[in-house]
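Trainee: This is the structure, below, for whatever I ask next.
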Amino acid sequence: MTRSILGIVVCSLLTVSPAVAQTPVAASRLVEQQPAPPSPLFPEGAKVAFVNLQVVFEQSALGKESFARLRTFDTEKEAELRATAKELEDLQQRLDSQQALLSADAASLLAREVEFKARQLQFDRENVQIGRERLQQELLVQFNRRVVPEAEKIRAARGLWLILPVADAGVVAAHPGLDLSAEIVQALDAARESR
């Protein structure tokens, strides 16, 4: 169940949004303008904590790498689709402008080329969508493989009974010190550096 919850949260994070697409300079300005508040202390004797997986995904090196991989995939595939769309447009314009000058057989052949290119473009779009979904799933599996063990180490070290994902736990109010998101980001990044 935890993995499916992580999956839902991470899949929603992997979709490109304007906030993610900010340039590093603009994002760093946001960080500079808003000083980080001091971390509240973890309440003594607490047995339950929570993690905001969106924060972990956005702030960890692993999450940033995943966003970069998705952006690269999207950029490459978008360029390929634009090239195919341009070929289709050129064929259609050629058919429209030369139809009166072509023989019936030549016009029919060119019309079939236009139809074939339109089908190819649709097929390519579907393949790009499938490829993106597969990449998202792969990134989700990688994220889960790394987050869950780090969260478990923190849970065991603190003697917690469980760590809830805040987005899905239905938490209405909680002590801010129970938020382990920053700690999990640090643990993920430290584990990544040690590899």
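The numbers here are math on the coordinates, done by the rules we state, and not lab data. Predicted, not measured: the structure shown is a model, and the values here were computed from it. Every residue, glycine among them, receives a Cβ derived from its backbone with ideal geometry; neighbour counts consider all protein chains shown.
Trainee: Using amide H atoms built in the peptide plane, which far-off residues or other-chain residues are under 5 Å from ASP179 H to H?
Mentor: PHE50
Trainee: Going by average Cβ density within 10 Å per residue, which order do the peptides 176-182, 133-139 take, highest to lowest?
Mentor: Ranked by mean Cβ neighbours within 10 Å, highest first: 176-182, 133-139.
Trainee: Can you give the charge dipole size of the range 43-193 about its Cα centre, rounded to the nearest 20 debye, using +1 on the beta carbon of Lys and Arg and -1 on the beta carbon of Asp and Glu?
Mentor: Value, rounded to 20: 420 debye.
Trainee: Ok, one more. Fewest first, what order do LYS86, LYS117 take by the number of other Cβ atoms within 10 Å?
Mentor: Ranking LYS86, LYS117 by Cβ neighbours within 10 Å, fewest first, gives LYS86, LYS117.
Trainee: Separate question: At a 10 angstrom cut-off on C-beta neighbours, averaged per residue, how do the peptides 121-132, 43-54 rank from highest to lowest?
Mentor: The densest-packed peptide leads the list: 43-54, 121-132.
Trainee: Let me ask something additional. Below 25 Å Cα-Cα, how many Lys pairs turn up in the range 43-193? Only count pairs eight or more apart in sequence, or on different chains, if you could.
Mentor: Summing the qualifying lysine pairs gives 6.
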